[in-house]
Structure formats: structure tokens, C-alpha cells
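Here the structure is laid out as C-alpha cells; the discussion comes afterwards.
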Amino acid sequence: MKTFSVFDYALTCCDGQLEDLGQVASIARREFEERESFVCRTTTASVEYGSLMIENSLLLRTNRGGRVYAGFERLSHLRPIIDRYLRIADVSESVYLFGQDDWTPPRHPNVRVITLNPDFQLAREWFVITQSSSLCTAFLAYDEAGADTMVPEQIRYWAIKTNNPGIVSALVNAVEGVIDWTLAA
């Protein structure tokens, strides 16, 4: 579990199916919507924007079904957007929030918090994965610089986005395995 990376797993699952966008300072909506799967190096702002596009889609395509898996390195990164995730939890079967235990999100019957030790590989990754009848997508980012960097606007993330149902399903199964492992530990 300590060395598991959902980002690395996504790279393996996407083998040969990722369009490499290279280094981009800003992910545009067009790239996000028109490409099934891509990889790029990008900034914190782009990672936040990619996540926001999925979060907004979740809120607009409410169906009381599906699960959402979201990781933020540290749970405190959720603080400015927790209301959005509570609303997503209102319209989803369940929401799993992953991060280092440096803040306690408000309780919600559809939210489960999965705390990560700082030395876990997953504690350096941001991701939003959702699988339902109306939305099947994943956006994952690996923080090369680490959460403690003082220059958030610099390019420091590797990011992957995919709408491929087979890949999203594989990612969901892998993350469910992490949940099972943490609950058993």
C-alpha cells in the first residue's frame, strides 16, 4: 500500500492510449473535452481546473448513483472546496476523500475519509475518479515537487485525463483495493 500510486497504475492501464500534450501551462476546456485520454506536465492551477471540470459535471449530471474518489495530498486542501464536495455527496451514492490527516472535513452520510500516511506514494497525488451511468472519467496528477513547495504556479505535476470506460473501471477497482486495505489495517 505504501508504494501504490494510482497515477502509475493509470500509466500502465493507458499504455499506448495517451496523447502526450507535452508541457502545458494551462489545460483548456477544449483539450479536456475533446480528447479521450492525454498526459501532460502542468501547473497547480491546471490540476485544480481539471478537477473542477469533473466536479461541475458531477453536480450537473445528478443521478443519485455512482461513486466518486478524490485525493488531495492533504485533507486541508479540501477546506476551500468542501461545500462543493458535500453537494457532490448529496447527489452521489458515495464519495471517498483521500489525504493526509491534517484537517477533519465535516461529516456527511455519503462521505468516507481515507487518511494517508505522509510516506505513502498516494499522499503525493491529486485525483478525481468517477464512474456512474452519466459520467465515467478520471483525472490524476502526480506532484513532482511535493506538497511543501512554495511556488504553486510552476509546472510541477504530471497529469493524466481519461474517459475510457475500461481504464476508469480498472482505476476504480484499484482504488477500491486501497479502501479495503485501509479499512482492514
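The values are calculated or read from the model by the stated rules, or taken from the named source; none is laboratory data. Values in this document were obtained by computation on a predicted structure and should not be read as measured data. Virtual Cβ from ideal backbone geometry, glycine too; neighbours counted across all protein chains shown. Keep in mind that these areas ignore ligands, DNA and RNA; they rest on the heavy atoms of the full protein, side chains included. Shrake-Rupley method; radii C 1.70, N 1.55, O 1.52, S 1.80 Å.
Among the criteria (1) assigned to a strand (DSSP E or B); (2) within 17 Å of residue 131 (Cα to Cα); (3) of a type in the set (A, V, I, L, M); (4) in contact (Cβ under 8 Å) with a residue 40 or more places away in the chain, the one residue 10 does not fulfil is (1). Tell me, please, whether a residue that is hydroxyl-bearing (Ser, Thr, Tyr) and farther than 18 Å from residue 5 by Cβ can be found in region 112-121. No: region 112-121 contains no residue that is hydroxyl-bearing (Ser, Thr, Tyr) and farther than 18 Å from residue 5 by Cβ.
Of the residues making up region 25-43, just one is open to solvent by less than 30 Å² (accessible area, probe 1.4 Å) and in a loop (DSSP other than H, G, I, E, B), namely 27.
When the test is whether a residue is open to solvent by less than 10 Å² (accessible area, probe 1.4 Å) and either at negative phi or part of a loop (DSSP other than H, G, I, E, B) (or both), residue 68 passes it. Every condition in (1) among the charged types (D, E, K, R); (2) open to solvent by less than 30 Å² (accessible area, probe 1.4 Å); (3) outside any helix (DSSP H, G or I) is met by residue 55 except one, and the failing one is (3).
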